[in-house]
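Written out below as C-alpha cells is the structure these notes cover.
What follows is calculated from the coordinates using simple rules that are stated; it is not laboratory data. Everything quoted here is computed from the prediction, not taken from an experiment. Glycine gets a Cβ as well: all are built from the backbone with ideal geometry, and neighbour counts include every protein chain shown.
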Amino acid sequence: MSLIEEYRNTRHEYEAATTSFRKLIEGILSDRKDEIHHIEDRCKDVEKLEEKIERKEFKYENLDNVSDLCGVRVITYYQDSARAIAEILKAELELIEVVDHSSHDDEPGQFGYESIHLVLTLDWMRRQQPENRPCGDKRVEVQIRTVCQHAWAAISHKLTYKTGNRAPAVERQLNRLSALLEIADDQFIKIRDSVNKAREDYDAEFQSGNFAQELNWDSLIMFLENHFDLPRFYDVVESLGMPLVSRDNDGGENADFAPILLELLGWMGISSIDALRTAVNAVFQQGSNLGEWLEQIGAELIDRYPMYKVCTLQVLLILIVANSPQITDLDAIGAFIGPRDIVSSRIQEYWDSHSAQSEDL
C-alpha cells in the first residue's frame, strides 16, 4: 500500500488528532489569550501530501516521517509574544524539531516566512490522558506568527509568488511590502509599550490622589480597574438587562461599555476623571434615599431629557452599584431603569439609529 493510500484510509485519525492538538495548545496558552488573535488547525489534504511527496528529492519511508500532517497555527498580535509562546510550547510538549526563521537577515521578500515552526509531540504523561488519546504518538507542526505575517502569507499565497523567476518590478514591490510589514510589526510593539506606559502614569497619578486627568480610553480603563469592582459591574449590568453594556468573551477591557461610556460622558460635558468622580459622587450622596430619589426622577428623565442623558445617568448609577456592595436593593435600581422594556427598547432604538448614521458617513 502506498503512503497516499495509507493516508487516505487513516486521514480521519489525523483529523481527530489535529483537533485534539489544537484544544491542548489552547489550554496550555490560556493564560496568554490576551496576546493571541486566534488559534486554528488544519489536517493536510490528501492532494497536498501527494504534491509534497512528488516535490521532495527523498522518499518518505512512512507517514511518521511527514511532520505536518497535523497542523496548528497560533496567530499573535506581537512578535515578542510569538517568541514567548514558542518557548512555552517547547517546555510543555516534547520537541522534535524547531525551525525558526524569525531572525533571518537580508532575505528579500521573505517576511511571511519569519514565523516560527515547531514540530512537537506529546510526552508520555499527556498521552495517558483520555482527552489526548487521539494524538497518540503523532506529530504536529505548530506555526507561530503575527497578524502581519499571517496577512502576508495569506495574500502572497493567493498571488503564488513562491514560484520564483519573478519580474524585477514584482520583486521590488514584494521587497518594499515586506519591509513595510516588518516595520509595522515593530511599531505595534512600540505602540503597545507606549500604551502601557501611559496607563502606568495614570495609575501613579490616581494613587497619589491626582484625578485631574484627561478623560480618554486609557485613563478611563485605569480608573475603572483600580476604583471599581468590574466583575460586579458586569454582574449588575447583566442582571438588569442593560443593552448598553456586555461582557466580552474574554471578560477583559474590550467590552463595549468603555467607548459607549466615553461618548456619553463627552456629550454630558464630562472631560476629565475628576469630573467623572464628581458626577458619580453626586448620585452616591443620595445614600439611603437612593430608591426614593430614583423613583422620583425615573419617570421625569425619559420625558424631560435627551435619551443620551438618561443613558449616561444609568451607566453612572451602575458604576456606583458595582462599587458599592452595600447597595443590594436592585428593585430600587429597577424602578429607575424601568419600566425596563420601555427604556431598554428606546435605548436600543437610539443606538441602532446612531450606528446606522455612523455607517452612512
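Would you list, by chain and number, the lysines whose Cα falls below 22 Å from the Cα of Lys59, excluding same-chain residues fewer than 8 positions away? Straight-line reach from Lys59, under 22 Å: Lys44, Lys48, Lys138. Computed from backbone phi, the HN-Hα couplings of the range 27-37 come to x, 4, 9, 4, 6, 10, 5, 5, 9, 10, 6 Hz, rounded to whole numbers (Karplus: 6.51 cos²θ - 1.76 cosθ + 1.60, θ = phi - 60°; Gly and Pro given as x).
Spin-label pair Asn9-Asp31: with each label point 7 Å from Cα along the Cα-Cβ axis, the two points sit 4.5 nm from one another. Annotation: amide H of Ile96 within the under-5 Å range of Val119, Leu120, Thr121, sequence separation 5 or more or interchain, hydrogens built in the peptide plane.
Would you mind getting the Kirkwood hydrodynamic radius of the range 174-219 from its Cα pairs, rounded to one decimal in Å?
For the range 174-219, inverting the mean 1/r across all distinct Cα pairs yields 12.6 Å.
Sequence-ordered 3J(HN,Hα) estimates for the range 123-134 from the Karplus curve with 6.51, -1.76 and 1.60 and θ = phi - 60° stand at 6, 4, 4, 5, 5, 7, 6, x, 5, 9, 4, x Hz, glycine and proline given as x. Just so you know, the Rg over Rh for the range 27-78 is 1.15, from Cα atoms, with Rh as the Kirkwood radius. Spin-label model, Ala179/Leu63: points 7 Å from Cα along the beta carbon direction are separated by 4.7 nm.
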